[in-house]
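Please treat every number below as a calculation from the coordinates, not as lab data. Everything numeric in this text was worked out from a predicted model, so none of it was measured. Note that we place each Cβ from the backbone using ideal geometry, even for glycine, and neighbour counts take in every protein chain shown.
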Amino acid sequence: MRVISHGIVNGVIDDKYGKHGPYHNENGMPTYSLPFEVLNAPENAKCFAVFLEDKDAYPVSGGFSWVHWLAANIVRNKVEENESQTASDFVQGVNSWISIQGGSQSRELSSFYGGMAPPDAPHTYELHVYALDSLLPLKNGFMLPDLFHAMEGHILDQDTLKGVYRN
């Protein structure tokens, strides 16, 4: 299985998917989600789950990885840009903008893609995509541990795509 994105060119994430893009919610969170496509998924995959994280956030977040996007029960192999805001055929979990460091944004506003906004230096972002053998019993607003508990025993394959976003 392999994950690709036309939003990441030569290892660099296009500005429009983060703080340098024109799309933000009322709290200033970037909302224009990164597109991706899954190639050569297992034949028996029923859906995909996504976890977009920034491990470079450890020094500026108080010691944790920043969660930018959680999505599950994606039943197609391609998600277009900004579908975090426009699609209704998959569920989404909360991102780290709900945290104190993220301004304590509401669960409702945080249950979408919350784009890149590195405050200190360019950061490397990891888009983890999991092929699953069943739909997961998750509802919008789930948290990262909920995703990993639900995926346990259901992961058929996975791939990680990395890209750098400028500060």
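When only Cα pairs below 8 angstrom with a gap of at least 6 residues are kept, the stretch 14-137 shows a relative contact order of 34 percent.
Sorting the segments 91-99, 120-128, 147-155 by their mean number of nearby beta carbons within 10 angstrom, highest to lowest, gives 91-99, 120-128, 147-155. Adding -39500 (n - 2.57) for every DSSP H run of four residues or longer, then dividing by how many residues the chain holds, sets the calculated 222 nm ellipticity at -2500 deg cm²/dmol. With N as its number of residues, the stretch 1-159 has a Cα radius of gyration that, divided by 2.2 N^0.38 Å, comes to 0.98.
Dimensions of the stretch 49-88 from C-alpha coordinates, computed as largest minus smallest value along each principal axis and given longest first, are 35, 16, 13 Å. 3J(HN,Hα) along the stretch 78-86: 9, 10, 7, 4, 6, 6, 4, 8, 10 Hz, from the Karplus curve 6.51 cos²θ - 1.76 cosθ + 1.60 with θ = phi - 60°, whole Hz, x for Gly and Pro.
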